[in-house]
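> After the structure tokens below, expect a handful of questions from me.
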Amino acid sequence: SMNENIVKNVNGNSKHESLEHNESTHDHVYIIDYGLATKFVDTNGEHRPFCMDQRRAHDGTLEFTSRDAHFGAHSRRSDLECFGYNLIYWSQGYLPWKDEKLKDQPEIVHRLKEIFMTDVKEMLKLLYGKDVPKLLGEYMHYVGQLEFDEEPDYSYLKGLFEKEFTKLGFKKSD
């Protein structure tokens with residue numbers, strides 16, 4: 001089916017390459033680049049409308065940029081979607097559209113993301129098999145349901161991660 005084809009890389013292989021893991025462990029994640037930060041509200045405090053901006057289209061690292069960013073439009077939803085793609089890549093070592101042959105084809109990458117986000121739960125099943133991380137399923141489904149200008153429920157999202165950390169044996173720090 002079309003969905004199964006999405007999770008195959010361009011070479012037609014469905015085998016996923018795993019990331020090489022550094023033996024040392026780190027307990028911090030650092031955000032290192034605000035180079036593409038943009039204001040999502042205007043001077044009246046209103047969310048900017050969805051507006052295509054070809055000058056900013058496909059900004060950022062192609063594999064991880066949001067569907068909206070492919071049009072040059074940015075929002076809080078975009079940030080969450082981008083983070084979700086990173087989470088999938090970090091946990092799986094693979095994204096259906098992360099392939100050297102697609103690096104100069106942003107329109108195809110955008111279309112693959114549109115298909116992926118249309119049925120997140122099914123797509124994650126194709127990527128992870130029976131072992132879809134519950135956190136990722138809930139997170140990506142939530143992000144997929146957000147409207148462009150909708151304020152995300154950050155408490156809900158934070159709760160998803162806190163629940164996962166607790167399940168993994170981490171204690172909440174003050």
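The values are calculated or read from the model by the stated rules, or taken from the named source; none is laboratory data. A quick note: this is a predicted structure, and the numbers were derived from the prediction, not measured. All Cβ positions, even for glycine, are placed from backbone atoms using ideal geometry, and neighbour counts span all protein chains on display. With ligands, DNA and RNA removed, areas are computed over all heavy atoms of the protein, side chains included. Shrake-Rupley method; radii C 1.70, N 1.55, O 1.52, S 1.80 Å.
> Within the stretch 130-155, how many residues turn out to be assigned to a helix (DSSP H, G or I) and open to solvent by 90 Å² or more (accessible area, probe 1.4 Å)? Full working, then the answer.
Residues of the stretch 130-155 assigned to a helix (DSSP H, G or I): 134-145, 154-155.
Next, from what is left, pick out any that are open to solvent by 90 Å² or more (accessible area, probe 1.4 Å): 134, 145, 154-155.
Of the residues in that region, 4 qualify.
> Quick one: which residue in Leu95, Leu62, Leu87, Leu112 is of a type outside the set (S, T, N, Q) and either in contact with a strand residue (DSSP E or B) (Cβ under 8 Å, 6 or more places away or on another chain) or open to solvent by less than 20 Å² (accessible area, probe 1.4 Å) (or both)?
Numbers: Leu62 fails: either in contact with a strand residue (DSSP E or B) (Cβ under 8 Å, 6 or more places away or on another chain) or open to solvent by less than 20 Å² (accessible area, probe 1.4 Å) (or both); Leu87 fails: either in contact with a strand residue (DSSP E or B) (Cβ under 8 Å, 6 or more places away or on another chain) or open to solvent by less than 20 Å² (accessible area, probe 1.4 Å) (or both); Leu112 fails: either in contact with a strand residue (DSSP E or B) (Cβ under 8 Å, 6 or more places away or on another chain) or open to solvent by less than 20 Å² (accessible area, probe 1.4 Å) (or both).
From the options Leu95, Leu62, Leu87, Leu112, the qualifying one is Leu95.
> Quickly run through the stretch 75-129 and pick out the residues that are outside any helix (DSSP H, G or I), touching a helix residue (DSSP H, G or I) at 6+ places or on another chain (Cβ under 8 Å) and farther than 21 Å from Leu160 by Cα. So that I can check it myself, show each step before the final result.
Taking the stretch 75-129 as the starting set, the residues that turn out to be outside any helix (DSSP H, G or I) are 75, 93-99, 103-105, 119, 129.
Going one step further and asking which of them are touching a helix residue (DSSP H, G or I) at 6+ places or on another chain (Cβ under 8 Å), we end up with 94-98, 119.
Listed by number, the residues that qualify are Tyr94, Leu95, Pro96, Trp97, Lys98.
> All but one of (1) without any contact (Cβ under 8 Å) to a residue 12 or more places away in the chain; (2) closer than 19 Å to Arg67 by Cβ; (3) hydrophobic (A, V, I, L, M, F, W, C) hold for Val132, so report the exception by its number.
Unmet condition: (2).
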